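Before any comments, here is the structure.
Each reported figure results from applying straightforward, stated rules to the coordinates on display, with no laboratory input. Note that this is a predicted model, so its numbers are computed, not measured. Heads up, the Cβs are rebuilt from the backbone with ideal geometry, glycines too, and the neighbour counts pull from every protein chain shown.
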Amino acid sequence: MVNTFLQTIGKAIKSVNPEDVRRMSERSVSVGLMATTEARLNEMWFWLAPVEISEAKRQQLAALVHPLGPQLPDMPTPPARLDLELWEEGLTKPEHAFTFYRGDPARTVAEVLEKHDELGLALSRQFVVFRPYVTEKIVTSICNENVVFSVTTSLPNLIPSSLSLPYAVSEFASDTAFLTMNQLRMAFLLAGAHDRPVGYREQKTQIASVIAGAFGWRAIARELVSKIPFGGGVIGKAAISYAGTWVVGRGLERLYRGGQLTKSEQRRVYDEGLQRGKGIARKLLAAVGR
């Protein structure tokens, strides 16, 4: 059993390349700001580079953010190509640009990420205002993938084609391999999103925690599926896959913000994940008439 488990973990590790995440997160993103007055321009700048960040980080961002207007003395010429343009609300902007809603900046973030998902990791690493939204998307999407996988492997002939996964189910010999792989991928993505080093060696403590939790998930989930009939075990299995991943994600998020989940917080987060996972699993089963 131990050898089989180690082979499973080895497969999970080989399936995840942290270099891909590192490359996405370290991409340089150039941002242009268009405003009517210097005061409004400064407001947009301090939204992207808030006062609580370090001076060194502010200097890094200054090389990425380029004023487009108003025209000020000694204003440098912006690069010919910008990855992102933010325009003051009320201005007639070009189609490719985004509005900076000063009364609702979360709306600006949502609109940018909806259209430029490929920039999400790099934006989160460089600009803290994007970090909570990118983090939430990483954690919830991977939790959802794990639920779909758990249900798929329990009812392989009943899942409609619309419930797709980013990986072929047949590539993974067990739930443990897939869930561990996905949690490792989440650990790399969250590190990149929080401007932390990405890699097996760089994150050896977090990686060890993910691997240590894999065996417990496997034992509990298999017992549920075998003992509870008529799809109840499937719901429990899927809920545990979600909850376990939810705790890992929220724990890593807290860690990269400079803290740690307490025991009571871990229990609360786990229970929250169970409920969320059950809800998603029930919807999947309802979709296939179970």
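Quick look at the numbers
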read-out: Segment Ser28-Ala287, extension gain: residue separation times 0.36 nm, minus the distance between their alpha carbons; value: 89.0 nm
read-out: Net length gained if the chain between Glu202 and Asp20 were fully extended (0.36 nm per residue, minus Cα distance); value: 64.0 nm
read-out: Net charge over other residues, Cβ less than 12 angstrom from the Cβ of Gln266 (K, R count +1; D, E count -1); value: +2
read-out: Size of charge dipole - segment 27-126 - debye, nearest 20, with Cβ of Lys, Arg +1 and Asp, Glu -1, no other charges; value: 200
read-out: Spin-label model distance (nm) - Glu136 vs Thr92, 7 Å beyond Cα toward Cβ; value: 3.5
read-out: Equivalent-ellipsoid semi-axes of segment 49-122, from the Cα gyration tensor, Å, largest first; value: 20, 18, 14
read-out: Environment charge at Thr99 (Cβ cut-off 15 Å; Lys +1, Arg +1, Asp -1, Glu -1); value: -3
read-out: Net length gained if the chain between Lys115 and Val51 were fully extended (0.36 nm per residue, minus Cα distance); value: 20.3 nm
read-out: Neighbour-count order for Thr153, Thr77, fewest beta carbons within 10 angstrom listed first; value: Thr77, Thr153
